[in-house]
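I have placed the structure first, in the form of structure tokens, so that the comments after it can refer back to it.
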Amino acid sequence: MSHNHTSDPQLNTSEGAQSTNNAEEIEEIEGSSGQAGLSSGSQTLGEFYKEMIRSIRDNLTALKDLYKRTLTVEIEDESSRMSRQIDLLISETSRISSQISHKLAVMEQSNKSLEGQDQARKRLTQKHATLAKSFMDEMTKYRRMQMENAGKYRNKIAEEYRKVNPDATQEEIDQLIDNDINKIQSSEQSNQSRTILAEIKDRQRDVRRIEKSINELNKMFSEVQALVIEKDDTVHTTKFIEVTDISPSEQIEFELPKKRKR
């Protein structure tokens with residue numbers, strides 16, 4: 001799937017410097033790796049990463065727009081259509097991130113095989129860490145967006161459900177979202193009520209889909225973090241890089257190789 005979306009100006013302003021640095025670092029890596037299995041056809045490792053990261057950014061821009069629209073749309077068919085689009089974008093982003101994770105794993109194993117080639121191993125391990133950091137920066141933005149929108153969708157469900165069940169407690173609404181949506185009971189069976197309940201079902205499916213993607217992201221964070229931590233006699237991983245702008249309980253640390261002083 002290809003998306004030609006214009007990036008959010010506000011997002012670009014706040015994250016422009018970091019994105020520029022990552023782009024420059026990946027540019028330096030492009031064409032520099034001769035490791036088997038890391039490139040597709042004539043595509044270099046750097047080109048692969050730039051293309052995949054660009055696709056992820058396009059998907060995040062599209063998702064951000066769809067999330068905003070689904071919270072205000074009042075036409076049932078349009079709401080269902082946008083939910084399907086969200087599903088496709090989440091699936092595609094998951095596929096792309098899995099490809100990148102696989103490439104990182106292959107590169108890490110290739111680096112380990114460079115016995116007796118300390119300088120090459122040190123250089124490639126540094127490049128591996130740079131690519132992993134760039135990738136995880138994008139995934140951190142994605143996870144933050146997913147968590148924010150899961151909360152917004154839950155609030156939207158509560159708001160809509162109270163239109164048909166004004167006395168519903170927050171506990172009842174939480175159970176509604178987390179359990180069988182077909183158990184919803186309305187105090188009235190008007191057309192408006194049925195429309196509202198249909199929208200609630202769409203939003204509940206969206207919440208479950210988003211929260212599933214968050215769980216997958218959490219697993220991926222742990223896997224990529226394990227790949228980046230490289231400790232041996234030639235590489236000293238003592239410089240920590242933290243994923244910022246998320247709560248302390250969600251922070252992930254990455255270690256970049258520290259060059260030996262000569």
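Some notes on this structure:
- Remark: the Lys219-Met145 segment gains 24.9 nm on full extension, using 0.36 nm per residue and subtracting the alpha carbon distance.
- Exceeding the 30 Å Cα-Cα cut-off - candidates Lys50/Lys112; Lys127/Lys152; Lys141/Lys163: Lys127/Lys152; Lys141/Lys163
Every read-out reported here was derived from the displayed coordinates using simple, explicitly stated rules and does not represent laboratory data. Model, not experiment: these values are computed from the prediction.
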